[in-house]
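The values are calculated or read from the model by the stated rules, or taken from the named source; none is laboratory data. Values in this document were obtained by computation on a predicted structure and should not be read as measured data. Cβ placement follows ideal geometry from the backbone for every residue including glycine, while neighbour counts extend to all protein chains displayed.
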């Protein structure tokens, strides 16, 4: 099957560099809404036959235009929610951001016992994501999972042998960027790491993607120093 792991559209917490991971989470910004509206055209012809979203409202808002265009229901699955920030919830300071992204990368590298203060272990987080992937694989040929930047990067790094820790760290995942995989549960291959917003440059704002979507050097830089993300892999179309 093909698995399209799409990050949600931009939120105010992305702009503010907040670790916003609790339910229900922030709504989409006006740019995030435009990013969501661009998805049907960007994904036309993909043959999508299932859509899954997390229990955080930003994923549901992102998927809504695509679901309407395809005549599909967007299935809400809490297993797709973002990596919990635990006691760091809504933090925007450099030490908290550094700890959050470094923990995500430890999971991508296989250290699944690592956890954030008050948060889940890597094993628990990836297992809940696994269950949704397994459900999608059993029910569809081409599934879209609208989820979150950190958990997509951690899960892809841990479950797809083509996605090294370095790739997950160095490549950004903008709002409505995507990781495209082919295969079956336990045997995934990377087809494309699409760093930019799927709708293209007119809806892409890498300087306001938030820490979960930035390359790690940018994610742990100060907000004043953080500029447009570098090293962005090839753009579609």
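State whether one or more residues within region 88-95 are closer than 22 Å to residue 200 by Cβ and modelled with pLDDT of 95 or more.
From region 88-95, those closer than 22 Å to residue 200 by Cβ are none; that's our starting set.
Scanning region 88-95 turns up no residue that is closer than 22 Å to residue 200 by Cβ and modelled with pLDDT of 95 or more.
Mind listing whichever residues of region 1-36 are in a helix (DSSP H, G or I) and either buried (at least 21 other Cβ atoms within 10 Å of the Cβ) or in contact (Cβ under 8 Å) with a residue 60 or more places away in the chain (or both)?
Of all residues in region 1-36, those in a helix (DSSP H, G or I) come to 12-16, 30-36.
The answer is 13, 14, 15, 16, 31, 32, 34, 35, 36.
Can you say whether residue 110 is modelled with pLDDT of 95 or more, on the phi > 0 side of the Ramachandran plot and over 16 Å from the mean Cα position of the chain (by Cα), as far as the supplied structure shows?
On the way: modelled with pLDDT of 95 or more: no; on the phi > 0 side of the Ramachandran plot: yes; over 16 Å from the mean Cα position of the chain (by Cα): yes.
No.
What's the number of the condition residue 103 fails, among (1) free of Cβ contacts under 8 Å to residues at least 40 places away in the same chain; (2) surrounded by fewer than 21 Cβ atoms within 10 Å (Cβ to Cβ); (3) assigned to a helix (DSSP H, G or I)?
So residue 103 meets the others, but not (2).
How many residues are surrounded by fewer than 19 Cβ atoms within 10 Å (Cβ to Cβ) and out of contact with any helix residue (DSSP H, G or I) (no Cβ under 7 Å at 6 or more places or on another chain) if we restrict to region 37-59?
If we filter region 37-59 for residues that are surrounded by fewer than 19 Cβ atoms within 10 Å (Cβ to Cβ), which is where we start, we get 37, 40-41, 44-47, 49, 55, 57.
Going one step further and asking which of them are out of contact with any helix residue (DSSP H, G or I) (no Cβ under 7 Å at 6 or more places or on another chain), we end up with 41, 44-47, 49, 57.
Residues flagged as surrounded by fewer than 19 Cβ atoms within 10 Å (Cβ to Cβ) and out of contact with any helix residue (DSSP H, G or I) (no Cβ under 7 Å at 6 or more places or on another chain) within region 37-59 amount to 7.
Of all residues in region 129-144, which are under 25 Å from residue 88 (Cβ atoms) and either surrounded by 17 or more Cβ atoms within 10 Å (Cβ to Cβ) or out of contact with any helix residue (DSSP H, G or I) (no Cβ under 8 Å at 6 or more places or on another chain) (or both)?
129, 132, listed by residue number.
Is at least one residue of region 98-105 closer than 20 Å to residue 60 by Cβ and out of contact with any helix residue (DSSP H, G or I) (no Cβ under 6 Å at 6 or more places or on another chain)?
Narrowing region 98-105 to residues closer than 20 Å to residue 60 by Cβ: none.
The answer is no, given that none of the residues of region 98-105 is closer than 20 Å to residue 60 by Cβ and out of contact with any helix residue (DSSP H, G or I) (no Cβ under 6 Å at 6 or more places or on another chain).
Since residue 126 meets every condition but one in (1) buried (at least 20 other Cβ atoms within 10 Å of the Cβ); (2) touching a residue at least 40 places away in the same chain (Cβ under 8 Å); (3) under 26 Å from residue 63 (Cβ atoms), which condition does it not meet?
Exception for residue 126: condition (2).
Tell me which residues, restricted to region 64-92, are outside any loop (DSSP other than H, G, I, E, B), more than 19 Å from the chain's Cα centre (by Cα) and within 28 Å of residue 40 (Cβ to Cβ).
Listed by number, the residues that qualify are 68, 69, 70.
Given the structure, is residue 50 touching a residue at least 40 places away in the same chain (Cβ under 8 Å), closer than 17 Å to residue 179 by Cα and more than 15 Å from the chain's Cα centre (by Cα)? Quick ask: steps written out before the conclusion?
Working: touching a residue at least 40 places away in the same chain (Cβ under 8 Å): yes; closer than 17 Å to residue 179 by Cα: yes; more than 15 Å from the chain's Cα centre (by Cα): yes.
Criteria met by residue 50.
Look at region 9-38 and say how many of its residues are within 15 Å of the chain's Cα centre (by Cα) and closer than 15 Å to residue 176 by Cβ.
8
Among the residues of region 68-86, which ones are out of contact with any helix residue (DSSP H, G or I) (no Cβ under 9 Å at 6 or more places or on another chain) and touching a residue at least 12 places away in the same chain (Cβ under 8 Å)? Spell out how you get there, then give the answer.
Residues of region 68-86 that are out of contact with any helix residue (DSSP H, G or I) (no Cβ under 9 Å at 6 or more places or on another chain), as a first pass: 71, 86.
86, the sole residue that qualifies.
Taking helices (runs of 4 or more DSSP H) that fall entirely within region 117-227, which contain at least 2 residues that are at pLDDT below 95? Reasoning before the result, please.
On the way: elements: 122-139, 149-159, 165-170, 216-219.
By residue number, 165-170, 216-219.
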